[in-house]
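What follows is one structure encoded as structure tokens, with my remarks underneath.
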Amino acid sequence: MSHFDLAAVKAADDGGPVTMLNLLKYREQSLDGDGTGRQAYTRYTDKAQRYVEAHGGKVLWAGVMKEAALNEGGSDIDWDWGLLVWYPNRAAFIDMVTSPEYLEANEHRKNGTSKHVILASKTLLFEPPPDPSLDRGVAMHVVLIETEGRGGIAEVEANGQPLKVVDAFSPADRPRKPGTVAAPRFQVVASEPASWERAFARNPGNETRIEPLFGWRHLGFGRIVAIDPIRLDVGILMLELDLRAIDPGYVGRFATIEIDRIVLSTKG
């Protein structure tokens, strides 16, 4: 089973949480001949993401490896990607990497990476920095055109963009009258793409917009700015989706996401 040293992981298990530091280098071409090493690794993360979450895990950070700020001792610094993955305990990690489903997906990882190191750690201090991605400095002006009432379809304009949303702002006993919606708050429910590569291919023009379909459904065209959870900048809105992705290479890429519904409520 690859080169996991599970005996060492099990021996160090103290029952507490563990954070795994991953460092990896892509192959130029996948060993199975199906695209590049990065594409093979993406096929792995498309599946591994679900297994991590099913075992209580969470990606804390992921990023592109750049220059070495310090390299005393001449250690290996030739890496493409790094990520930190948190698990509730070492047993959860062991259960995941020994499951038949993971072992099947792991073939894509081995095909796509020329080297991959995972270092287990015990967190002593962690204070995440403030996330500026949601503060876009865009004043949101929402105007209600008409609504079926609370729980029904409402037609609104958000900064001039027509949207059909779920009405969670009207009083329970009557539809709200047309006009400005003060302190609007949007909640987005989206479908997990069957393939992230297809989601990227559906936005070749790097567009940022929302396209109404039918009922509550929309297509969201935008740029991914975060992966845990997925945050998609569609121009007028920063959509925070109840979706996760592991591959840090997703950040900065343009994609098209199918939006099942947008719920509009008011703050406070």
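A few remarks follow.
- Radius of gyration and maximum dimension Dmax of region 6-121, Cα, Å: 14.7, 42
- Intensity falloff of region 202-268 expressed as log10 I(q)/I(0), Debye formula with alpha-carbon point scatterers, at q = 0.16, 0.19 Å⁻¹: -0.52, -0.72
- Leu144 sits among other residues whose Cβ lies under 11 Å from its own Cβ, and their net charge, with Lys and Arg +1 and Asp and Glu -1, is -2.
- Potential lengthening of the chain between Val117 and Glu197 amounts to 26.3 nm, from the contour at 0.36 nm per residue minus the alpha-carbon distance.
- In region 171-268, the chymotrypsin sites (Phe, Trp or Tyr not before Pro) that fall in loop regions by DSSP, at most 11 other Cβ within 10 Å: Phe214
- Think of region 6-121 as having a plus end and a minus end, set by charges on the Cβ of Lys, Arg, Asp and Glu; of Gln39, Val52, Trp79, Val52 sits farthest toward the positive end of this dipole.
- For the chain, convex hull of alpha carbons as volume per residue, Å³: 174
- Across region 6-121, the mean sequence separation of Cα contacts (distance under 8 Å, 6 or more residues apart), normalised by length, yields a relative contact order of 49 percent.
- Peptides 62-71, 175-184, 147-156 ranked from most to least packed give 147-156, 175-184, 62-71, packing being the mean of other C-beta atoms within 10 angstrom over each peptide's residues.
- Kirkwood hydrodynamic radius over Cα pairs of region 157-253, then Stokes diffusion coefficient at 20 °C and 1.002 mPa s, in µm²/s: 144
- Projected label distance in nm at Lys267 and Met65, using a 7 Å step from Cα toward the beta-carbon: 4.1
- Unit charges at the beta carbon, dipole of region 1-105: most positive-side option, Ala68, Tyr102, Val9: Tyr102
- Environment charge of Leu119, counting only residues whose C-beta is closer than 14 Å and scoring Lys/Arg +1, Asp/Glu -1: +1
- Electrostatic bookkeeping for Glu101 treats Lys and Arg as +1 and Asp and Glu as -1; over the other residues with beta carbon under 9 Å from its beta carbon, the sum is +1.
Readers should treat all values here as calculations from the given coordinates under stated rules, not as data from a laboratory. Since the structure is predicted, the reported quantities are computational estimates derived from the model, not experimental observations. Neighbour counts are summed over all protein chains in view; Cβ atoms, including those assigned to glycine, are modelled from backbone coordinates with ideal geometry.
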